[in-house]
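Structure first, then comments.
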Amino acid sequence: MYRVVTPQTEAELEAYYQLRWQLLRKPWQQPLGSERDEFDEYAHHRMMVDNNGNLVAVGRLYVSGDEAQIRFMAVVPDCRDQGLGTRMVQALEQVARQLGVRRLVMNAREEAVPFYGRCGFTVVGEGPISFGKIPHRQMIKALTSIHQIRHRPELCDELQRQWHRRIPISEKMGIKIIQYTGSRFKTKGNLTANLNMHESMFAGSIYSQCALTGWGLIWMQMQEFGLSGDIVQGSGDIKFMTPVWDEPTAEVQGRLRERLMPLQAGERVRIELNVTLYSGEQKAASFTGRYVILPH
Ligand SMILES: CC(C)(COP(=O)(O)OP(=O)(O)OC[C@H]1O[C@@H](n2cnc3c(N)ncnc32)[C@H](O)[C@@H]1OP(=O)(O)O)[C@@H](O)C(=O)NCCC(=O)NCCS
């Protein structure tokens, strides 16, 4: 088990800078002290520790108005490729969101570009070349799209990235999470990407958006309550009421905590959810999805 913590004491800060130097400066024969800069005093520092208190990762966020820079990110070699780097980026991003940041920027080492790409960053240009030999790329991530989300926006962001990565058609359909309040979960689709020959939304896309929206609510609440399991759809019925000519939004509501709890005891859970899809303001489809959550 690893935890993201803020270095507080002198000793913790020393250990934090020491790891920064060891991972990011020492391999390039840079002296002690080169791992710090003039923004450290005002920046947000995070580190990751294991169960025994050993430091395994570091990362820094420097906020300037509605923009923030991620810098000095590193994970010890033995702990890489286990998702710790991703968790560190998420932790820094969460701080940024809480402070009203709208855009994250960074200079990523060339070999770390795919990693940041998976974290939602896009390359926008060339960056500096450190120590005369490490080329960087400038990368940015806009935080505006889920900025309006009231509850756990970082989880919504994570879910949206998972959907786009693991269910590529959801990206083609333009499905985006637009609200989560802890009980209400809402997505929107891109009408133009889902048109049928009548210039309204394809029925299969309506079904998919509804099914994914119900699935999403369950996933969000499982994450919130620290539960794990595979969510599969057992069956689903849909009633189409009117053609979807306008932006499709799908909405589902539920507080699932009690119903999900048997997962903790390794029991399978069944949940039925009603999802409504709107065409603009008008109710256009009503979907009932029956999901089964299989404990890991
Ligand atoms: C870049 C760096 C911070 C990433 O940290 P990390 O802990 O390895 O990151 P993650 O484990 O979250 O992701 C790394 C890869 O492992 C994969 N991965 C994530 N979780 C995984 C898991 N549970 N099991 C297997 N693989 C996993 C990811 O898909 C990712 O692949 P990608 O590189 O193609 O995107 C780390 O490699 C590092 O410290 N590098 C040296 C310093 C550096 O370059 N810092 C960045 C300066 S800009």
*Collect residues whose amide H, placed 1.01 Å from N in the peptide plane, falls under 5 Å from the amide H of Gln179; neighbours closer than 5 in sequence don't count.*
Lys186
_Can you give me the % of accessible surface on region 3-142 that is carbon or sulfur? Probe 1.4 Å, all protein chains present, nothing else counted._
48
*Rh (Kirkwood; distinct C-alpha pairs) - region 1-88, Å*: 13.4
*asked:* Could you give each residue of region 148-165 its phi-based ³J(HN,Hα) in whole Hz, using Karplus coefficients 6.51, -1.76, 1.60 with θ = phi - 60°, and x for Gly or Pro?
replied: 7, 5, 7, 10, 6, x, 5, 6, 4, 5, 4, 5, 4, 5, 4, 4, 5, 7
*In square angstrom, rounded to the nearest 10, how much accessible surface does Arg20 have for a 1.4 Å probe?*
0
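For a Förster distance of 35 Å, can you work out the FRET efficiency between the beta-carbons of Glu126 and Glu38, rounded to the nearest 0.05?
Details: r = 24 Å, r/R0 = 0.68.
Once rounded, the FRET efficiency stands at 0.90.
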*Dipole moment magnitude, nearest 20 debye, region 24-69 about Cα centre, only Lys, Arg, Asp, Glu C-beta charged*: 280
*So what is the 222 nm mean residue ellipticity for the chain from helices alone, if each DSSP H run of at least 4 adds -39500 (n - 2.57) and you divide by all residues, rounding to the nearest 500 deg cm²/dmol?*
-8500 deg cm²/dmol
*Only Lys, Arg (+1) and Asp, Glu (-1) charged, at Cβ; region 90-234 dipole about Cα centre in debye*: 260
*Where Rh is the Kirkwood radius over the Cα pairs of region 103-224, the temperature 4 °C and the viscosity 1.567 mPa s, what D in µm²/s does Stokes-Einstein return?*
80
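Rounded to the nearest 0.05, what FRET efficiency do Ala265 and Arg3 give with R0 = 25 Å and r taken as the Cβ-Cβ distance? Could you check? Could the numbers behind the result be given before it?
Details: r = 25 Å, r/R0 = 1.01.
Calculated value: 0.50.
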*Over region 146-295, what percent of the accessible surface lies on carbon and sulfur atoms, probe 1.4 Å?*
46
*Where is the GNM fluctuation largest for the chain (alpha-carbon springs, 10 angstrom cutoff): Leu277, Leu84, Leu32?*
Leu32
*Report, by chain and number, residues whose modeled amide H sits under 5 Å from the one on Glu247, excluding near sequence neighbours (fewer than 5 apart, same chain).*
Gly280
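Evaluate the relative contact order of region 146-295 (contact order divided by residue number), counting alpha-carbon pairs under 8 angstrom at least 6 apart; express in whole percent.
On the way: 309 pairs, mean separation 34.9, N = 150.
RCO, region 146-295: 23 percent.
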*Label points 7 Å out from Cα along the Cβ direction at Asn274 and Cys79: separation in nm?*
4.7
*When ligands, DNA and RNA are left out and all protein chains stay put, how many square angstrom of accessible area per residue does the chain have with a 1.4 Å probe?*
51
*If you keep only loop residues by DSSP, which GluC sites (Glu not before Pro) in region 8-56 have at most 12 other Cβ atoms within 10 Å of their Cβ?*
Glu38
*Cleavage-rule hits, chymotrypsin sites (Phe, Trp or Tyr not before Pro), region 103-176, DSSP coil, Cβ neighbours within 10 Å at most 14*: Phe131
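Please figure out what share of the DSSP beta bridges in the chain is antiparallel and state it in percent, rounded to the nearest 5. Before the final figure, lay out each step's value.
Numbers: 66 of 69 bridges.
The antiparallel proportion sits near 95 percent.
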*asked:* Using the crude model of +1 on Lys and Arg Cβ and -1 on Asp and Glu Cβ, and no other charge, please compute the dipole size for region 1-118 relative to its Cα centre, in debye to 20.
replied: 340
_Karplus (6.51, -1.76, 1.60) ³J(HN,Hα), θ = phi - 60°, over region 62-68, in Hz, Gly and Pro reported as x_ = 10, 9, 9, x, 9, 10, 9
_Output wanted: per-residue J couplings in Hz (rounded whole) for region 184-195, from phi through Karplus 6.51 cos²θ - 1.76 cosθ + 1.60, θ = phi - 60°, x for Gly and Pro._
10, 10, 9, 10, 10, x, 9, 4, 4, 7, 10, 6
*Counting only the heavy atoms of the protein chains, how much of Val5 is accessible to a 1.4 Å probe, in Å² to the nearest 10?*
30
*Based on Cα positions only, what radius of gyration and what Dmax would you give for the chain, in angstroms?*
22.0, 69
*asked:* Nearest 5 percent is fine: what portion of the DSSP beta bridges confined to region 45-135 is antiparallel?
replied: 80
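Strictly greater than 21 Å: what percent of every Cα pair in region 146-295 meets that? If you can, show how the numbers build up before the last one.
Values: 4621 of 11175 pairs.
Above the 21 Å cut-off, region 146-295 has 41 percent of its Cα pairs.
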*Could you pull out every residue, at least 5 positions away or on a different chain, whose amide H is within less than 5 Å of the one on Arg102? Hs are placed 1.01 Å off N in the peptide plane, and Pro or chain starts have none.*
Glu67
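The values are calculated or read from the model by the stated rules, or taken from the named source; none is laboratory data. Here the structure is a predicted model, which means the values were calculated and not measured. Methodologically, a virtual Cβ is constructed for each residue, glycine included, from the backbone with ideal geometry; neighbour enumeration extends over all protein chains shown. Each accessible area value is taken on the protein alone, full model and side chains, heavy atoms only, with ligands, DNA and RNA left out. Shrake-Rupley method; radii C 1.70, N 1.55, O 1.52, S 1.80 Å.
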